[in-house]
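Working notes, structure below.
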Amino acid sequence: MSMVSAGASQIGRSLPRLEGRAKVTGRAEYVHNLRLPGMLYGKIFRSTVAHGRIRRIDTAAARALPGVFRVVTGEDICKVIPNPYYGPAFHDQPILALDKVYHVGQPVAAVLAADPHVAEQAVQLIVAEYDELPAVYDEVEAVTSKAVVHDELKPAGAFADLKHLQGRKNTNVALDYHLRRGDAEGALAQADHVFEHEFRTQQVMHTPLEPFVSVAEPRENGITIHSASQGPSFVRVEIARLLGWPENKVRIKVPYLGGGFGGKLYIKLEALVAALALIARRPVKIALTMEEQFYQITKHAATLRIKSGVSKDGRITARKCEVWWNGGAFADVGPRVTQKSGFSACGPYDVDNVHIDSYALYTNLPPAGALRGFGIPQLCWAYESHTDMMARALKLDPIEFRRRNLLRDGRPQATGTLVHDTPLEKILDRLAVRLNWGAPFDRGNGTVRRGRGVAIGFKAVISPTTSMAIVNVSADGSATVYVGTVDMGQGSDTAMAQLAGEVLNLPAESITVVHSDTDVTPYDMGTLGSRSLYHMGHAVKTAAEEALAKLRALAREVGLPEGTNVPVAELFRRKYGMQAGNVIGTGSFVPSYTPPEPGTGLTTNVTPFWMAGGAGCELEVDTETGHVRLIKLVNVADAGRQINPRIVETQLSGASIMQLGFTMSERMDFEAGQMTNASLADYKIPGLHDLPRVIENEAVESYEPSGPFGAKGVGETATFAVSPAIANGIEDAVGVRLMQLPLTPEAVYRALRAAHGTPLGEE
Amino acid sequence: MIPFELAEPRSLKEAISLLDGADETVRPIAGGTALMLMMKAGVFHPTRLIALRYVAGANAIELAGDKTLRLGALATLGALERTKGLRDAFPVIAQTLRTLSNVRVRNVATIGGNLAHADPHMDLPPVLAALGAQVTVAGPNCERTVAVENLFAGYYETVLARNELIAQVSVPPLGSKRAAYVKVTTRSADDWPALGVAVVIDAEGRNVRRADVFVSAATEKPTRLKAAEAALRGAEADETNLKRAGEAAASEVETMADPQGSASYKKELVRVFVARAVRKALGLGDAQGRAG
Ligand SMILES: Cc1cc2nc3c(=O)[nH]c(=O)nc-3n(C[C@H](O)[C@H](O)[C@H](O)COP(=O)(O)OP(=O)(O)OC[C@H]3O[C@@H](n4cnc5c(N)ncnc54)[C@H](O)[C@@H]3O)c2cc1C
């Protein structure tokens, strides 16, 4: 039995992206381009204070503006959604502010008008008065601060491990996660050397070039939401919960995304447009400006304290990590970051005695969530800077020191889960080769000094999560794959087609991928954390295998012998008398998982697979100005078996460039909770001229036995190690150590001056 | 956006008559690249904009036989960049334009708007000031000439009255002098500069007869550094004297803090980059003007 035979394997093909042509010719669908008959535009009036009780919202002038359809406040929302609080971990975020505001930029009211310019103008006519409350901005201060962001913690029902926080008062700690393995205190006391350092990272933004956008369309019997969302299934569940409707009355449709990076997960604008559409009884669209994105969701700033005991022979015997995550005003998925990444705070090292405390904090800043790496880049910044500092102090080669301590397959990670199929050492070896580590290195002279650095990190894919898929073989033998995975630029449609094509023996480009319409595509937990290729990939493979089995059964049914080469179309013709019917295979996947023990955080099965990535760089520092110029950046990663090597490479280079921005220039600046650089003119992402002359990307030979055709995820891997590799390179070049991101020329220059005993004045 | 009147005069005279000396919500608009951003950000709400783009002949560019450069205020930066002979006559302008925003902006942004906007982070004002350029200012009753050096009154402020327009910019020939502009960015390459240094040097080999040194971006307006100029006058551009010029520059300059850097850091940048700009102009040191 054969269809249009693929001939060659679909796995390992560098197939160009299926949607590439539509995108570059401007034909791909985006929510920004969607206009519905009778649609109103919503514009948001935002809080100007960081923490306050709302005394009065005066919307009269806005309402009186010709062309304004309606002005909506939090109280109006309550009429359609009586309990309008949402959030994946805590139900702490109101659709529009009710009695209190928690951060500058929080939505307080919305104006609806047929003309977005009128709505925008009306927003400027709204006046709100607040009784300001004491506010807290720093994550460490938030632990003990008298200013308390939320009066009471409201964990969402979904997570069993948050139940004990229900109703807790007088605290900014949204979650505290603890891991205790061995006896860290004891081992530290006995260690030959003890090192302790504190690192910080700054708050940054995802900066998808397509800002957040959602459209809600009330229907006779339900509601349709078109949204640039990475997690349509979650959005459906949450909107259904808010409205008190069954899931099948809520339809979430997602076309392509212009980037997401973890920002477009969970509820963002969807609840607001849904409420507004139900109030107005007309379709409502809200599209944020680039500037407004800074108030929607960000990446956690963090303070990380790390202490290690090292033996005479350079083995790390104990490690104590304390991490404070600045979650901003709403928890979003921060508590997950705190826990699911917190447990790898110790890094990819084999340490017998580990003590981790990881805290999710509320503060009065814009909320923080997941951003490409889910906390790992912050952790890796700390532990890999720390690693280099120790190697330097111990006069050990940094690569050799790492090699001595790396986790090997079969050894337990801090949680007790055995590491498997994670080629950490191979990555380190390849970094050394690509940097020509053993050879003499030109260190520059005069005012230009050269250095190099490496770093390595790893991440456990978040677990347990669920994916479902449908594969439909039509009567002519062509195939369609239905998945909730959102292709936001990472190439998932192409990869899913390759997986299905491999099973069905069809060329991937002949397969149609229908994605993300909750009335059509089955459940998926979300396109996040590099989970889709593995989880959805499994579901697609299983669904395709089921379809294939059904085709074989069909062949038997129409009287054909096993292994027949009669075309699929002929099977359908024989069965149904004409080109009719179809065969449907379904697949679902959820990996096995053992929850950590509450007291110790230990478990034997914390994740189905680990993703490892390293970075190395060569750079030069201008000692007169502190300018750092990257000459070469090397990313080496473990992607399991590569389904599409070209896409793997672009994921690696893209992720590393994104992290380069977070390392060198990006920083949200605040004064008393007010962001002072909320525009791309003053918040600088890297441009082409900021890239290193050479970026090398390599995915090492690797195979994940539990993955579909040996694959594992790769979307975040090249973010992990970039920041510490560069800081390590700077110290190598000029002997100064930066403990805080970003590594701006001024920061480097100040460190140089401080090292010379002539510190630069602060003004 | 609140509706406003858009006037499209055909002559300079008509344009001036539509301006209003007393009303700050009436403004000329040229390329709109700066003004539209202010409108989008809600910091400027016009009642009337006078579009200058249809003013006849206002975009003329002339590079005269004696190498004087005359620019109509409406000449776009892109057209200037593509002017025949510019690279030979004013290599420093050609080079400055290459890293001034991007080709899309340069194709609409005008020289008049670039000067009148008076954002101290702009690249051309210090260059034109150092080159001794002058602007012709047209008002309701008369025309006057103002040196670019004296055009700026402060942060985002010029000496223009509300009913005056920049009509023309004229740059005297560079002759045998040599010039350089150094744009120092501290975040991304396409960021606004933390410091701009423009130098025009009259020298015999390394022996400086006269130097015009202007800094911008670190200061609230393009600023001549007299002490640095004095340190260079009649001096050989060797490392000792360049260092002295840098020291002089750093001690006289009043820097301001902004997201590109603190005031004290910018002072250090001035110290270093005045010397680098001189080296760059004279072809000493490496391509960035760093000591060899
Ligand atoms: C993305 C981007 C990047 C940029 N990067 C750089 C950069 O790297 N370096 C740099 O130097 N600049 C940069 N700019 C700024 C750009 O150079 C200026 O916006 C431009 O030169 C202004 O010219 P315009 O014709 O567009 O002025 P407009 O926006 O039309 O006007 C600016 C101001 O000048 C007034 N005006 C205009 N013409 C006249 C006139 N003839 N007489 C009197 N007043 C007048 C207007 O009323 C207004 O107040 C950038 C701009 C953008 C948008």
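Below are the figures for this structure:
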read-out: Sites A:Q190 and A:T604 - FRET efficiency at Förster radius 30 Å, r taken between beta-carbons, to 0.05; value: 0.60
read-out: Inter-centroid distance (Cα atoms) of the range B:4-71 relative to the range A:29-71, Å; value: 34
read-out: Computed [θ] at 222 nm, helices only, for chain A once each DSSP H run of length n ≥ 4 contributes -39500 (n - 2.57); value: -7500 deg cm²/dmol
read-out: Cα→Cβ-extended label distance, 7 Å offset, between A:R629 and A:N582, nm; value: 5.8
read-out: Value of relative contact order over chain B, rounded to a whole percent, pairs C-alpha under 8 Å and six or more apart; value: 14
read-out: Nitroxide proxy distance, nm - points 7 Å out along Cα→Cβ at A:V514 and A:E701; value: 4.3
read-out: FRET efficiency estimate (nearest 0.05) - Cβ-Cβ, A:K146 to B:A22, R0 45 angstrom; value: 0.30
read-out: Relative contact order (%) - criterion: Cα under 8 Å, at least six apart; region: chain A; value: 16
read-out: Signed unit charges on C-beta, dipole axis of chain A, positive-most listed residue A:I643, A:S145, A:A135; value: A:I643
read-out: Debye, to nearest 20: dipole size of chain A, +1 on Lys, Arg Cβ, -1 on Asp, Glu Cβ; value: 1020
read-out: Cα-centred dipole magnitude for the range A:694-757, charges only on beta-carbon of K, R (+1) and D, E (-1), debye, nearest 20; value: 400
read-out: Inter-part distance where the range B:104-148 and the range B:226-292 are each reduced to a Cα centre, Å; value: 25
read-out: FRET efficiency estimate (nearest 0.05) - Cβ-Cβ, A:E400 to A:D442, R0 22 angstrom; value: 0.55
read-out: Stokes-Einstein D in µm²/s, Kirkwood radius over Cα pairs - the range A:154-307 at 25 °C with 0.890 mPa s viscosity; value: 130
read-out: Charge dipole of the range B:61-171 about the Cα centre (unit charges at C-beta), most positive-ward option of B:P140, B:A94, B:P120; value: B:A94
read-out: Cα lying deepest toward the dipole's positive end in the range B:149-216, options B:A189, B:S170, B:V208, charges on Cβ; value: B:V208
read-out: Relative contact order (percent, whole number), the range A:2-97, Cα cutoff 8 Å, 6+ residue spacing; value: 12
read-out: Reference-scaled alpha-carbon Rg (2.2 N^0.38 Å with N residues) for chain B; value: 1.01
read-out: Share of pairwise Cα separations in chain A, more than 39 Å, in percent; value: 38
read-out: Dipole in debye (nearest 20) - the range B:61-171, about Cα centre, beta carbon charges: Lys, Arg +1; Asp, Glu -1; value: 360
read-out: Karplus-derived HN-Hα couplings along the range B:104-116 (A = 6.51, B = -1.76, C = 1.60, θ = phi - 60°), whole Hz, x at Gly and Pro; value: 5, 5, 4, 6, 10, 5, 10, 5, x, x, 4, 7, 6
read-out: Residues of type lysines that A:K79 reaches as a straight line, Cα spacing below 24 Å, ignoring anything fewer than 8 places off in the same chain; value: A:K43, A:K100, A:K154, A:K249, A:K268, A:K285
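Throughout, read-outs are computed from the coordinates displayed, never taken from laboratory work. Note that the structure is a prediction, hence the values are computed from the model and not measured. When we count neighbours, we look across all protein chains shown, and the Cβ atoms used for this are built from the backbone with ideal geometry, even at glycine.
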